[in-house]
Each structure stands twice: as structure tokens, then as C-alpha cells.
Amino acid sequence: MNFSELGLSPKVLEAVTAAGYTQPTPIQEQAIPRVLERRDVLGIAQTGTGKTAAFTLPMITLLEQGRARARMPRTLILEPTRELAAQVEESFVRYGAGQKLNVALLIGGVSFGDQDLKIARGVDVLIATPGRLLDHIERGKLLLTGIEVLVIDEADRMLDMGFIPDIEKICRMVPFTRQTLFFSATMPPEIQRITDAFLHNPVRIETARQATTASTITQRLVATPHNPAQKRETLRRLMRDSDDVKNGIIFCNRKIDVQLLLKSLLSHSFNVAALHGDMDQRARTVALDGFRAGTTQFLVASDVAARGLDIPDVSHVFNYDAPHHAEDYVHRIGRTGRAGKLGTAFTLISPEDHKNLSAIEAMIKRPIEWLGPSLDESGFASEAPAPRGRGGRNAPAKGQPRKSPEAKPAEIKSEAPKESPHAPSKRPPAPVPQTENAAAPAEPRAPREQRDTRPPRDERPARSDENRPRRSYPEDNEPTPLGLGDHMPGFMMRSAKLK
Ligand code: AMP
């Protein structure tokens, strides 16, 4: 099938040609005519299937008729993360070239002033994360009563991030007669409930589940000891010695390990930046832009921050940790081998990862080859994994000396590079500003009349877009410290004098 058979306007077809697309993807082929017929659509599809264009192209065609009114946007797109929202904005700019479309992006971590101005001028397409959108509505600066099309993208991601109550609230604020386009990679019962409640006789479009990985990606497992210092050494060897490493994304399961690994790699002169949900928006944008532009060679990332990102030219993915959810493996390695390019994905496997690896291989329905000796052949398998639990990940077993002290952040600084320093191109950039929200104290709830003076939702610690309570994301499964753990205040250690 050809794009010209789908009913898109001539201007949009021009933009499609300019983008270099010759054929619609299956979801585009099925969704575009339905959206143009003003039907509700339930698309069960992942990123990488062309789903963004499946809703943006027909929306732009529909928006060619009519005009936006002040404070009353015509269409609304909800995205779970700021990066995905920014990516969708880019799509509108790209496919809407030559059209007078007013697009506004409402994401957290950016000042309200410019966003208010844009809304006041009248917006055709409003792209928002749920928290910031509700903030604008609470401030009385925005009305959703003119919404003609509502898009809810990555709904299962919204569920993971605790956004579903916000989504329900927003769905009740838009007119009953609007058209709804709803996209989710999976359909757990909570998502099914929402689609039953808010979609009107939707057309259900299901693209092949991404349980298989692209043939353009070479996948290899790499046996490693569980000990963090040795694991980092294994990673560095892969980053330095593998063929054709142009750039790469390194995935960790937990935000704290993203930070630790960043510090370690910087100390080893790698050109690397971090991307995770606790970083402020400016730092996230700087990290991502640097990586896209090629000025940063490596990105250490968490799943939440990196999911769905469309960076066309990533040569390598390194799974520093095997993901707990097999689906995340497919998403992670899908960051490479995109747009017909070749890519390589290495996954470090330590004795602790047996279960995760079995789940991954079961999902992709084939075993992954080892690079070098397998875990069994390597002899690492017989090592006792570091004990987890109350005493922390690296606490010694009863009666044993501490085995891997370098897992403590302070000691990473002294992990001196063993190899000679790298070529100038691998010099580290200025350190990326880190965690702002994580250390912020919990904020007391203000009386109702003071609500407008409270900080925006996305700056409140427990309610920010990526810091909201999530259901069971492994990134935050830190072992519970005993008492105050390593954070015992000095005054509590002083001996007390009894009178
Ligand atoms: P998405 O699933 O929306 O994240 O899109 C993934 C990638 O596919 C993006 O880089 C798009 O530019 C690209 N893409 C979308 N539609 C097409 C198409 N019909 N032909 C080729 N590439 C496409």
C-alpha cells in the first residue's frame, strides 16, 4: 500500500515524502484511515512500529480545517515522560512543515511563563506530561473543553509510573464527544478498564508483539563475576575492545547504579553522561542532546528514562545489568540496529542473573550466544553471590570479611584507571548535574486556598512525572538499610554525659 491511498492531505503527503518514507508501516496503514474517519482507535503497539506518525499524520490533516482559540487547545497528546513528549513535538514540527500549526509542549522542569504565553495565543496541538498539564489546569490557565482529539500514548508506561488516576481525571475534563486515540504496548486489566470507560466503539489495531528482536542486532552474552568492581572492568573491556564501537547506551536496573557507573566511567576517562528519572530536566536534555549530536559517546541510563527514545544511530547497547523484566530487554536492545543499520547488544551475565536470562531467552524464543566462555565455563558460577538484604548489597555474610567494598560511592573515586588514559576524543565532558528531587524533603500539603502558590506538581518530590509512586519497577528496589544505614548523623555517635 502507498501513503497516497490513506486519505492524507497533499501537504502531509509532501512531508512524508520529505521524511523519506516510501511505505506506511502496518499500524500506519490500519490507523490513518480510521483516524481520518474520526473513529476512536485502540492501538496495541510498541515504539519502533511507526505509531507516532500513525496518529500525527492524520491529526495534522484534520487540523488543516479550523482555528485554535485562546486557552482552548484543539488536540491533546499525553506522554509519560518529558523526552517522549519532546519527541512527539519534533514529529509535529517535521510532518507539519509548511503548515501554520501552533504546537505547545507542557512538560515539567521548565518555567511556566513561556508555556502560559503559548497557551494564551491558542494552540492546535498540546503535548503534555500529566502532572504539568494538571498544574496548568489548576492554575486556571487552560481549558480542555475545546479538545477535539485526545491521544493517550504509552498507556502501560503511564500505569507503571502511577499516572492512571491523573489520566482518568483528564479524560473526565475533555468533552465526551472528542475522538480518542489510545496506544499501549500491553493491555493489563487496569488499562483495559480505562479503555472500556473512555473509548467509544474503538477500532482495535494490534501490531505484532515485539517479542522478537530485529535481525539487524547481533546479541551476545558476556559472563562476569557479580563483584561490582570486576563487573565494571568487564564492561570497560567491552566498551574499549569491541569492534566498531561508535557510541552506546549502557543500561542499569537501578538509578543508583547509573550514578555509580557514571562516576566510575568518568574516572576511567570515558566520554559519558547519565540519563535517569531523578535528574532535572535541563540535565536530561543536555545529556540526550549531547548523545544525539555525537559529542557524548556513551549514555548510562535507566529503563524509565530511555524507553521509547528514538535515536537513530546507536552502534551498541550494553546491558550492565540483565533486566528483571524480559520485555525491557527487547526495548533496550531495540535502541540499536534501528532504521536498517547494524547494531550490537552485549548483556553482562553474573551468577545472580540466571532467572532473568531464562526469562529473556524464553521471550525471544531462542538462546543468545556467549561472547567467550559461558557462565558455567567461566567458573564464576560457583562464586557465592554477594549477600543482599538488611546489611546492604555488599555487607559481609556472617563472620566473613567484606568482599566488595568499592560498591560504596565514596570509594569509587579511588578506583584508579589501570590502562593508559584515553585519546582526547574520549575525554569526559563536564559532569552532568545530578539528583535534585531525590534528596528533597517531603512537602506538607498546603491549605486549599494556598494551592496556587505551591510549587508545580512536577517539582514536588513524590509527584514529579517520573518520581511518582510506581507499581513495581525494579529500578527502585533498594535493599532496606538497618536503622539509618550509612547516613548516621555525627551527633548521634557522640557519647552522652549523664548528670
Ligand atoms: P515510532 O514507533 O513512532 O517511535 O517510530 C520509529 C521510527 O520509525 C522513527 O524514527 C520514524 O521516523 C520511523 N518511521 C515512521 N514511519 C515510517 C515509515 N513509514 N517508513 C520508514 N520509517 C518510518
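The values are calculated or read from the model by the stated rules, or taken from the named source; none is laboratory data. Since this is a predicted model, take the numbers as computed values, not measurements. Cβ sites come from the backbone with ideal geometry, for glycine too, and all protein chains shown count toward neighbours. All accessible areas refer to the heavy atoms of the entire protein, side chains included, with ligands and DNA or RNA removed. Shrake-Rupley method; radii C 1.70, N 1.55, O 1.52, S 1.80 Å.
Give Asp289, Asp303 a once-over and let me know the one that is away from the ligand (no atom under 16 Å from the Cβ) and either touching a residue at least 24 places away in the same chain (Cβ under 8 Å) or open to solvent by less than 10 Å² (accessible area, probe 1.4 Å) (or both). Going through Asp289, Asp303 in turn, the sole match is Asp303. Taking the criterion of being among the polar types (S, T, N, Q), within 14 Å of the ligand (Cβ to nearest atom) and open to solvent by 10 Å² or more (accessible area, probe 1.4 Å), no residue of segment 322-346 qualifies. Within segment 94-128, the residues that satisfy the criterion of being in contact (Cβ under 8 Å) with a residue 60 or more places away in the chain and over 16 Å from Gln281 (Cα atoms) are Arg94, Tyr95, Gly96, Ala97, Gly98, Gln99, Asp124, Val125. Where helices (runs of 4 or more DSSP H) fall wholly inside segment 141-228, the ranges with 3 or more residues that are open to solvent by 10 Å² or more (accessible area, probe 1.4 Å), in contact (Cβ under 8 Å) with a residue 24 or more places away in the chain and closer than 21 Å to Thr129 by Cβ are 155-160, 164-173. Within segment 7-24, how many residues turn out to be farther than 15 Å from Arg94 by Cβ and touching a residue at least 40 places away in the same chain (Cβ under 8 Å)? Qualifying residue count for the region: 2. With respect to the conditions (1) farther than 23 Å from Asp353 by Cβ; (2) open to solvent by 10 Å² or more (accessible area, probe 1.4 Å); (3) within 16 Å of the ligand (Cβ to nearest atom), Ser315 falls short on a single one, namely (3).
Could you figure out which of (1) of a type outside the set (A, V, I, L, M); (2) within 25 Å of the chain's Cα centre (by Cα); (3) not assigned by TED's automatic domain parsing to the domain that holds Leu84 isn't true of Thr234? For Thr234, the failing item is (2).
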